[in-house]
Amino acid sequence: MATIWYFSHEGDALINGSTAKINEGNTKIAADTLAEISGANLGKISPVEMYPFDFDEAVQRAKVERDQNINPTIHPVSANLLNDSVWFLGYPNWLGELPGAVKTFLINHDSDGRIILPFATHEGGGMGNSVNQIKQLCPNADVKIGLPIRGSRVSKSQFAFANWLTQYYVKNN
Ligand SMILES: Cc1cc2nc3c(=O)[nH]c(=O)nc-3n(C[C@H](O)[C@H](O)[C@H](O)COP(=O)(O)O)c2cc1C
């Protein structure tokens, strides 16, 4: 069985260089799309202290977490889903890296023997350095090639996901 673990910032988004209000996070939309296509479970990663709604303030906090190596506390996740052998892992590219809440998730949970399929929404930076970070945090997992999705085009991500699944996802792992 497979679970889609995802973190999505509920706040302003950066779209083509300017901030805009959005109703749902891009990564949440991507995770829902992937769930529809793959039939995988959904598991939300959410920090206990929400990130600021305002884009610039969220960037400031992300910088502090990155520079001071802070891994923010997250809410507990379903223990059953952690047993799944395939973990999709979705997150926004933050400063070219994994958001702190996603780092916390990987540090707190045993990923040994899991297949990890990362996907990131972004506004130009692709996966950044995030896949290397996942490999460092999960040395005994099989981390597959990541799928970058432009946040502003997330509503058209079905084909990219389907293509990626065909290449890297074997159901019933
Ligand atoms: C704190 C912060 C840092 C970001 N840093 C980058 C970046 O370095 N490169 C990039 O391409 N996009 C960056 N973005 C844009 C997001 O990756 C993009 O808007 C993403 O789709 C947001 O997903 P979400 O709505 O699920 O949080 C950043 C956004 C935020 C809030």
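For the chain, the square roots of the Cα gyration tensor eigenvalues, ordered a ≥ b ≥ c, give a/c of at least 1.5 with a/b no greater than b/c, which places it in the oblate category.
Using 0.36 nm times the number of residues separating Ala79 and Ile107, minus their current alpha carbon distance, what extension gain do you get?
8.6 nm
When shorter helices are ignored and each DSSP H run of at least 4 residues is given -39500 (n - 2.57), the per-residue value for the chain at 222 nm works out to -9500 deg cm²/dmol.
Treat the count of other C-beta atoms within 10 Å as a stand-in for reagent exposure and order Val131, Val170 from fewest to most.
Final ranking by Cβ density, sparse to dense: Val170, Val131.
The order of Tyr51, Tyr6, Tyr169, going from fewest to most other C-beta atoms within 10 Å of their C-beta, is Tyr169, Tyr51, Tyr6. Going from the residue with the fewest nearby Cβ atoms within 10 Å to the one with the most, Asp32, Asp112 rank Asp112, Asp32. Total lysine pairs in the chain at Cα distances under 25 Å, for residues eight or more apart or on different chains: 25. Here r is the Cβ-Cβ distance between Asn69 and Ile145 and R0 is 30 Å; the resulting FRET efficiency, rounded to 0.05, is 0.65.
If a/c stays under 1.5 just call it rounded; otherwise compare a/b with b/c (prolate if a/b is bigger, oblate if not). Do that for segment 41-90, with a ≥ b ≥ c from the square roots of the Cα gyration tensor eigenvalues. Verdict is prolate for segment 41-90. Distance between the C-alpha centres of segment 152-173 and segment 62-113: 21 Å, rounded to the whole angstrom.
Values quoted throughout were computed directly from the atomic coordinates according to the rules given, and no laboratory measurement underlies them. Just so you know, these numbers come straight off a predicted model, no measurement behind them. No Cβ is skipped: glycine too gets one built from the backbone with ideal geometry, and neighbour counts run over all protein chains shown.
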